[in-house]
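Scroll down for the structure; my scribbles are underneath it.
The values are calculated or read from the model by the stated rules, or taken from the named source; none is laboratory data. All values reported here derive from a predicted model rather than from experimental measurement. No Cβ is skipped: glycine too gets one built from the backbone with ideal geometry, and neighbour counts run over all protein chains shown.
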Amino acid sequence: MKRFSTATRVMSVAALTIMGVGLAGCGGGAGGGSAASATTAKGPIKIWYSNNEFEVKWGKDMVASWNAAHPDQQIDAQEIPAGKSSEEVIGAAITAGNAPCLVFNTAPVAVPQFQKQGGLVSLDSFPDGAQYIKDRTGDLADQYKSADGKMYQLPWKSNPVVLFYNKDLFKKAGLDAEHPKLNTQAEFLDTARTLVKSGAAANAVWPSPSSDFFQPWFDFYPFYAASSGGTNLLKDGQATFDSDQGKQVATMFQTLYKENLASKEVYKGDSFAEGKAAMSLAGPWAVAAYKGKVNWGAVAVPGVQAQASGSTFSDAKNVAMYSACKNQGTAWDVMKFATSKEQDGKLLAASGQMPMRKDLPATYADYFAKNPAYKQFAEEAGRTVEVPNVSNSVQIWQTFRDAWGKSVIFGNQSIDDAFKGASDKINQLAAQK
């Protein structure tokens, strides 16, 4: 269940390479008169949603509500077809020209490639498009704009990453389980040492040491966001991580590996749920996943300095409209219906994932009063940092991950050299169109 199945949330570099073949000259969505007519056309549409059981139930209910009220604009809905990843399936559908109108499972990291394929419709094409997104999401929506300043994805739901800890293992180590010393990265490191040296846990934390491009989202990026005031990996097309804050986070993780406080082996399963690690970075999906398995607590990801609240990684999935859609007027109306206050509330109740809405804690105050375990995530949802919306996004993250592995995990290169080299290469990748 972790992160609602890796296969539905990430793509391989090979998949993106395949998607990019033969696409020279394609732009971001349809153009000309046909686009103008498509944006007003009404009629039946097809949509895909995630194969996560909670979202499937929400999706079926949402579709049933829409279809009951719109007999001439019926939605034909299904789970995303099986494949190596949902993004590979979507990319292949774009190439074949048979993508559905909407996909309620679009990864932000994939949007630049889908846009390059000419597979996405700019939501700014609709008269109320930009204003609807701004009214619903607020300033956080700016992170999802593409290089041309347009929106090709509607910010939908996030899974803000926080630091979970095992209260029983903390007590076993002689630590205060109700008020743990996890306010700063220095305290985090000291607590990690106590957990392992006391024998309470074999590993203080066990982030995956694999080379997958998306792994930095669950070790480096949340800590970097917390330490840097929510700085994105790229700013104005330039890498930001070759900095004091970035290298401080890297040094902390390097120490975890050097002192055997974190394993360099890939764990087949959930190390936190199985008691093999005392702490874990996870989002609100973990509340249900760990129920009855772990006596857990959670705190904001520690920054360099103690702070009442800090930024973190969003782990979001969004909704996008695909250019093969003929009845885009209906598709836009469905996007708004599915992301309305009512439907967002139903999604929250069904899945525990955070709708990307302004003033989330106040909007669903009754829900959070009845489900206090989720309130922390609602507060964090307003301080999330997304992956850069730039060309070559996956290659950029792979470049960073390769440098991280060499320097931080395995110690085969200095952090200074690895980060400088990765920063230079990433700047070149970000400059490519």
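Okay, here's what the table says:
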| item | result |
| --- | --- |
| Scope segment 39-58; condition within 27 Å of the chain's Cα centre (by Cα) and part of a loop (DSSP other than H, G, I, E, B); matching residues | S50, N51, N52 |
| Among residues of segment 364-389, those that are basic (K, R) and either free of Cβ contacts under 8 Å to residues at least 40 places away in the same chain or surrounded by fewer than 16 Cβ atoms within 10 Å (Cβ to Cβ) (or both), counted | 2 |
| Matching residues in segment 66-82 - criterion: being more than 18 Å from C325 (Cβ to Cβ) and surrounded by 16 or more Cβ atoms within 10 Å (Cβ to Cβ) | E79 |
| Qualifying residues in segment 38-74 (those that are among the acidic types (D, E) and touching a residue at least 12 places away in the same chain (Cβ under 8 Å)) - the one farthest from W156 (Cα to Cα) | D72 |
| Top-ranked residue of segment 265-279 - restricted to ones that are over 21 Å from T194 (Cβ atoms) and touching a residue at least 24 places away in the same chain (Cβ under 8 Å), ranked as farthest from the chain's Cα centre (by Cα) | E265 |
| Looking only at segment 321-336, and only at residues there that are in a loop (DSSP other than H, G, I, E, B) and among the polar types (S, T, N, Q), the one that is surrounded by the fewest Cβ atoms within 10 Å (Cβ to Cβ) | N327 |
| From N183, N159, residue being under 18 Å from the mean Cα position of the chain (by Cα) and under 25 Å from M354 (Cβ atoms) | N159 |
| Some residue of segment 381-398 being closer than 19 Å to A288 by Cβ and out of contact with any Lys or Arg (no Cβ under 7 Å at 6 or more places or on another chain) | yes |
| Candidates K346, K326, K370 - the one that is more than 19 Å from the chain's Cα centre (by Cα), under 16 Å from F104 (Cβ atoms) and among the basic types (K, R) | K346 |
| Residue in segment 337-345 that is assigned to a helix (DSSP H, G or I), small (G, A, S) and farther than 25 Å from Q185 by Cβ present | yes |
| Which listed residue, of V287, V249, V266, is assigned to a loop (DSSP other than H, G, I, E, B), closer than 30 Å to K171 by Cα and aliphatic (A, V, I, L, M) | V266 |
| Selection count where residues are more than 15 Å from S280 (Cα to Cα) and crowded, with 22+ Cβ neighbours inside 10 Å, scope segment 154-172 | 5 |
| Subset of segment 102-129 (residues that are in contact with a Lys or Arg (Cβ under 6 Å, 6 or more places away or on another chain) and surrounded by 23 or more Cβ atoms within 10 Å (Cβ to Cβ)) | N105, S122 |
| Test: T339 is within 20 Å of the chain's Cα centre (by Cα) and in contact (Cβ under 8 Å) with a residue 12 or more places away in the chain | yes |
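Yes or no, residue by residue, for (1) touching a Lys or Arg at 6+ places or on another chain (Cβ under 8 Å); (2) at pLDDT 95 or above:
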residue: G43; (1), (2): yes, yes
residue: I47; (1), (2): no, yes
residue: N52; (1), (2): no, no
residue: E55; (1), (2): no, no
residue: W58; (1), (2): yes, yes
residue: S65; (1), (2): no, yes
residue: D72; (1), (2): yes, yes
residue: D76; (1), (2): yes, yes
